[in-house]
Structure formats: C-alpha cells, structure tokens
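Novice: Got a structure for you, written out below as structure tokens; questions coming shortly.
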C-alpha cells in the first residue's frame with residue numbers, strides 16, 4: 001500500500017511538472033522569437049537612420065550648386081559637406097538627451113521619437129526650394145533640416161545601440177548585435193543603390209535639377225513605415241530590471257564624471273571608428289566623384305561592391321569575436337587599417353577598380369571592429385548608467401572626427417595632399433589601438449548587472 005501511495009504521489013508529481021516544463025519551453029521559444037523580432041525591428045530603424053543621413057553626403061555633388069555658388073563646383077561641394085558636418089552639432093545634444101531619457105523612461109520611446117524627427121528632416125530637404133528661388137532662405141531651411149537629422153541620429157544611435165545589445169543572447173552577443181552594423185550598412189547601400197539607379201536613368205542635368213530630391217521623398221515615407229513597425233517592440237529586460245530596482249533616475253553630469261575614465265577611453269576609440277566609417281562608408285563615393293573625377297556610376301557601383309563584401313565580413317568577424325574575445329577583433333582591425341592606410345591611398349584612382357579595391361580592403365578590415373563594437377562598448381558600462389555614459393564618447397567621437405572626415409579629406413586633396421589626411425588617420429588608429437589594449441576583456445558579461 002505504501003508502494004502504491006508513493007507511485008501515485010510520484011505520478012501526480014510528474015503530471016504536475018510536465019505542463020510546467022512544457023510552459024517553460026514554450027516561454028523560452030517565445031523569448032527567442034521575440035528577441036529576433038525586436039532585433040530586426042530595431043535594425044530596420046537603424047538602417048533608415050543611416051539611409052536618411054548618408055543620402056545628404058551621397059547626393060551632395062548633384063545638389064551642391066542648387067544651394068551654393070555654382071561657379072566653383074569644389075567650393076560648392078565643400079560648403080555642402082560643411083552643412084553635412086553641421087548636422088553633427090546637434091548629435092551630441094540628441095545623444096545626451098536620449099542617454100538621460102533612455103535611462104529614465106526606457107529605450108523604446110526614444111527610438112520611436114528619433115524616427116519621427118528624422119523622417120520630418122528628410123521630407124523638409126526634399127521639398128526645399130533652391131537658392132535661385134528663395135535665396136539665403138533655402139540655405140537656412142537646408143541647415144535646419146540637417147540639424148533635425150543630427151538630433152534624431154544622436155537619439156537613435158544611443159537608444160538602438162543599447163537596446164540591441166540588451167536583447168541579444170550574451171553567448172552570441174557579437175553575432176547577434178552585428179546586425180546593427182549590417183543595418184547601418186544596408187542604409188548606406190540603399191542610398192548607394194539609389195545613386196546607381198538614378199544616375200543610370202537620368203543625365204547629369206536632370207540629377208542636379210530634380211533627380212536628387214527623389215531619394216529624400218522616399219526616405220520620408222520609409223521612415224514613417226519603420227515607425228509603425230517599431231511600435232510593437234518590447235522594452236529591454238535590462239531596463240525593466242533597472243526600473244524595478246528603482247535605478248531608473250540617473251543624474252546626468254554626476255554620472256558622466258563618475259565614469260570619466262571610461263568616457264575618455266571610449267572617446268579615443270570611437271574617434272578612429274567614426275573616422276573610418278565616414279571616410280570609407282559614408283563619403284567615399286562622393287570623394288571619388290568630386291576629388292578624383294570618377295564617373296558617378298562607377299563610384300556608386302564600386303561602393304556597392306565594397307559594402308556587400310563588408311556585410312559578409314561583419315558576420316564572419318562577429319563569430320570570431322564571440323569565440324576569441326572583443327579585444328582580438330579590435331587589435332586585428334586597427335592594426336590592419338594602420339598598416340594599410342598609405343598603400344590604400346596610393347591605389348585610389350578614378351576607375352571603378354581603383355575605387356572598389358581600396359574601399360573593399362578597408363571595409364573588410366573595419367568589419368573586424370564594427371562587428372564587435374556594440375558588444376564591447378555595452379559590456380564596458382554598468383546597466384543602470386549605460387546610455388548616459390555612452391552618450392558623450394559616441395556623439396563627440398562622431399562630431400569631432402566622423403563628421404569632419406569627408407570635409408578634411410576633400411580639402412586636403414584639393415589644396416594640399418591627401419596624404420596629410422592619411423597621416424592624421426593613422427595617428428587616430430594608433431591611439432585607439434593603444435587605448436583598447438588597456439581596457440578589460442568583457443566577452444560574455446551579463447548586461448543586466
């Protein structure tokens with residue numbers, strides 16, 4: 001009888017556990033599906049933000065003379081690139097604002113607001129009359145739209161940068177978060193594809209008169225569509241845990257000062273990362289057209305080929321990072337770029353091959369860094385202050401170094417020597433490499449801590 005009682009009790013226990021076990025398994029499966037959905041929606045927003053931002057640099061050779069003095073094409077292009085850089089003035093403000101608000105209210109609402117602002121900026125540029133129509137007011141509208149885009153980009157870069165890392169599986173964090181780098185590059189590629197299509201269908205006069213407006217109109221519609229998709233994402237578990245623990249209220253400047261060492265070290269690393277991205281991804285086709293005299297179609301096709309290789313390389317390098325560690329990838333990437341910088345400049349020329357080859361080599365090496373960047377940076381900062389601490393180095397790294405890179409390279413090529421910029425770039429890579437080696441290895445760190 002005792003045996004029967006034990007068997008009955010054991011049978012009841014097993015029958016009670018089985019549904020619970022199945023429920024746990026279903027929750028794990030749902031969590032995996034939800035994680036994938038959240039990452040995809042966040043990455044689509046990142047893709048739009050970079051498409052929206054890069055269009056300005058990509059199509060600047062065509063609309064520069066619509067807003068600035070048409071007698072000197074180089075001066076008009078430089079002025080347009082200066083407006084491009086001015087958009088970065090608002091990026092630190094957007095990043096600091098987003099860093100504080102994302103730590104207080106969550107990542108999701110900031111990502112939604114940033115998309116709306118970026119779409120408005122894109123639409124404003126598409127509809128802006130030219131200098132010949134309304135004079136200096138056209139320049140004022142153009143600058144204002146760029147400032148809105150800069151604000152949105154700063155907000156998006158912090159909120160999405162943090163969100164994607166926090167929803168990723170820590171065992172495969174680099175592999176999953178490299179989707180950010182892929183999304184960013186997809187945005188760049190989309191702008192490049194429009195360049196290829198439009199320059200193939202329209203002649204140069206049509207592009208300068210009205211063709212350049214098309215991708216900005218599409219960008220505004222694209223942004224609103226992604227905004228609707230993003231409304232369904234969940235808040236990250238890291239923020240939810242922080243909020244439950246009563247850590248959602250963070251004093252901005254005292255927090256930045258407390259973590260000042262991390263802020264400075266990340267800024268030194270981000271200076272090289274931003275300069276690489278904006279030299280070889282964002283402004284390369286524009287540089288080839290305006291400074292090397294390349295055919296626009298050749299420049300856009302070369303950029304498209306290099307960006308395809310870059311996306312494949314990013315995935316491969318991310319897997320390496322999850323196995324070998326974050327610092328391994330950074331060491332390979334920065335060392336390769338430092339050694340190859342001058343040879344790559346010597347390869348440059350106006351033909352498709354002379355543009356595609358150096359750009360592809362540079363982006364393949366940059367992929368080693370970009371693939372692990374989100375994982376590495378987020379793992380360096382505690383959960384309760386992550387967006388706040390990240391906002392300063394990411395935004396000022398982009399403003400002081402990334403935004404100025406296309407302008408400095410074009411200016412050096414036109415009035416001195418492109419090798420001046422190459423030397424400056426090598427110094428940034430060397431400083432970043434030394435700084436990174438001084439930081440701890442963080443692979444696999446729990447981001448909810």
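The values are calculated or read from the model by the stated rules, or taken from the named source; none is laboratory data. Being a predicted model, the structure only gives us computed values, none of them experimental. Cβ coordinates were reconstructed from backbone atoms using ideal geometry, including for glycine residues, and neighbour counts include every protein chain displayed.
Novice: Between 220, 288, which is in contact (Cβ under 8 Å) with a residue 60 or more places away in the chain, part of a helix (DSSP H, G or I) and either surrounded by fewer than 20 Cβ atoms within 10 Å (Cβ to Cβ) or within 19 Å of the chain's Cα centre (by Cα) (or both)?
Specialist: The conditions single out 220.
Novice: Something else: Got a sec? Which of 431, 427 is surrounded by fewer than 24 Cβ atoms within 10 Å (Cβ to Cβ) and within 12 Å of residue 273 (Cα to Cα)?
Specialist: Values: 427 fails: within 12 Å of residue 273 (Cα to Cα).
Within the list 431, 427, the selection yields 431.
Novice: Of the conditions (1) under 14 Å from the mean Cα position of the chain (by Cα); (2) surrounded by fewer than 24 Cβ atoms within 10 Å (Cβ to Cβ), residue 132 satisfies every one except a single condition; which number is it?
Specialist: (1)
Novice: Let me ask something else. Pick from 182, 218: which is over 25 Å from residue 106 (Cα atoms), at pLDDT 85 or above and out of contact with any strand residue (DSSP E or B) (no Cβ under 8 Å at 6 or more places or on another chain)? It would help to see each step written out before you state the result.
Specialist: Numbers: 182 fails: over 25 Å from residue 106 (Cα atoms).
The conditions single out 218.
Novice: For residue 386, state whether it is within 19 Å of residue 263 (Cβ to Cβ) and over 22 Å from the mean Cα position of the chain (by Cα). Lay out the reasoning, then the answer.
Specialist: Working: within 19 Å of residue 263 (Cβ to Cβ): yes; over 22 Å from the mean Cα position of the chain (by Cα): no.
Taking the combined requirement at face value, the residue does not satisfy it.
Novice: Of all the residues that make up the range 246-285, how many are in contact with a helix residue (DSSP H, G or I) (Cβ under 8 Å, 6 or more places away or on another chain), surrounded by fewer than 21 Cβ atoms within 10 Å (Cβ to Cβ) and at pLDDT below 90?
Specialist: Within the range 246-285, residues that are in contact with a helix residue (DSSP H, G or I) (Cβ under 8 Å, 6 or more places away or on another chain), surrounded by fewer than 21 Cβ atoms within 10 Å (Cβ to Cβ) and at pLDDT below 90 number 5.
Novice: Look through 151, 142 and report the one residue that is in a helix (DSSP H, G or I) and within 20 Å of residue 214 (Cβ to Cβ).
Specialist: Every option except 142 fails the conditions.
Novice: Okay, next question. Please verify whether the range 308-319 includes one or more residues that are outside any helix (DSSP H, G or I), under 24 Å from residue 187 (Cα atoms) and touching a helix residue (DSSP H, G or I) at 6+ places or on another chain (Cβ under 9 Å).
Specialist: no
Novice: Could you check how many residues of the range 188-207 are over 15 Å from residue 285 (Cα atoms) and either surrounded by fewer than 19 Cβ atoms within 10 Å (Cβ to Cβ) or without any contact (Cβ under 8 Å) to a residue 60 or more places away in the chain (or both)?
Specialist: 7
Novice: Is the range 167-174 home to any residue that is without any contact (Cβ under 8 Å) to a residue 40 or more places away in the chain and in a helix (DSSP H, G or I)?
Specialist: No, the range 167-174 contains no residue that is without any contact (Cβ under 8 Å) to a residue 40 or more places away in the chain and in a helix (DSSP H, G or I).
Novice: Sticking with this structure for a sec: Looking at this structure, is residue 152 within 23 Å of residue 88 (Cα to Cα) and out of contact with any helix residue (DSSP H, G or I) (no Cβ under 6 Å at 6 or more places or on another chain)?
Specialist: Against the criterion (within 23 Å of residue 88 (Cα to Cα) and out of contact with any helix residue (DSSP H, G or I) (no Cβ under 6 Å at 6 or more places or on another chain)), residue 152 does not qualify.
Novice: Being in a helix (DSSP H, G or I) and modelled with pLDDT of 80 or more narrows it down to one of 82, 115, 86, 78, so name that one.
Specialist: Result of the check over 82, 115, 86, 78: 115.
Novice: Checking residue 334 against (1) buried (at least 21 other Cβ atoms within 10 Å of the Cβ); (2) more than 23 Å from residue 47 (Cβ to Cβ); (3) more than 21 Å from the chain's Cα centre (by Cα), which test does it fail?
Specialist: Every listed condition holds for residue 334 apart from (3).
Novice: Kindly evaluate residue 240 against the criterion of being over 11 Å from residue 48 (Cα atoms), at pLDDT below 85 and surrounded by 22 or more Cβ atoms within 10 Å (Cβ to Cβ).
Specialist: Numbers: over 11 Å from residue 48 (Cα atoms): yes; at pLDDT below 85: yes; surrounded by 22 or more Cβ atoms within 10 Å (Cβ to Cβ): no.
Here the answer is no, as residue 240 does not meet what is asked.
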